[in-house]
1. Check whether at least one residue in the stretch 65-76 is modelled with pLDDT of 95 or more, assigned to a helix (DSSP H, G or I) and touching a helix residue (DSSP H, G or I) at 6+ places or on another chain (Cβ under 7 Å), and report yes or no.
2. Quick one: in the stretch 28-61, of everything that is in contact with a strand residue (DSSP E or B) (Cβ under 6 Å, 6 or more places away or on another chain) and outside any helix (DSSP H, G or I), which residue is nearest to residue 81 (Cα to Cα)?
3. Between a residue in the stretch 1-17 that is without any contact (Cβ under 8 Å) to a residue 24 or more places away in the chain and any residue that is surrounded by fewer than 11 Cβ atoms within 10 Å (Cβ to Cβ), which pairs come within a Cβ distance under 9 Å, given they are 6 or more apart or on different chains?
4. Identify all residues within the stretch 37-58 that are closer than 18 Å to residue 7 by Cβ and either under 11 Å from the mean Cα position of the chain (by Cα) or surrounded by fewer than 17 Cβ atoms within 10 Å (Cβ to Cβ) (or both); write none if there are none.
5. Confirm whether residue 40 is in contact with a helix residue (DSSP H, G or I) (Cβ under 8 Å, 6 or more places away or on another chain) and touching a residue at least 60 places away in the same chain (Cβ under 8 Å).
6. Somewhere in the stretch 16-27, is a residue outside any strand (DSSP E or B) and in contact with a helix residue (DSSP H, G or I) (Cβ under 7 Å, 6 or more places away or on another chain)?
């Protein structure tokens, strides 16, 4: 299939990774899974997702997600806030 995907943690910039990989690797991320997605409010999640979107120099090869993996205790409201923010932007 030729799949090339890297699931890194949230503590590195997607712009930096895109530069290091010559934008040849698709990356999911990159909001903090525990501190924001699981423990933040819906507003925190929306702000974090919007900040990430606005920080990207190039939106290609990005799968909007949390960095490193989803926590088990994320509320439906926070997931919905994330989805809504990504869809609108």
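1. No, the stretch 65-76 contains no residue that is modelled with pLDDT of 95 or more, assigned to a helix (DSSP H, G or I) and touching a helix residue (DSSP H, G or I) at 6+ places or on another chain (Cβ under 7 Å).
2. Filtering the stretch 28-61 for residues that are in contact with a strand residue (DSSP E or B) (Cβ under 6 Å, 6 or more places away or on another chain) and outside any helix (DSSP H, G or I), the one nearest to residue 81 (Cα to Cα) comes out as 31.
3. 4/24
4. The answer is 37, 48, 49, 52, 56.
5. no
6. No.
The values are calculated or read from the model by the stated rules, or taken from the named source; none is laboratory data. Predicted model only: the values in this text are computed from it and were never measured. Positions of Cβ are generated from backbone atoms using ideal geometry, with glycine treated the same way; all protein chains shown enter the neighbour counts.
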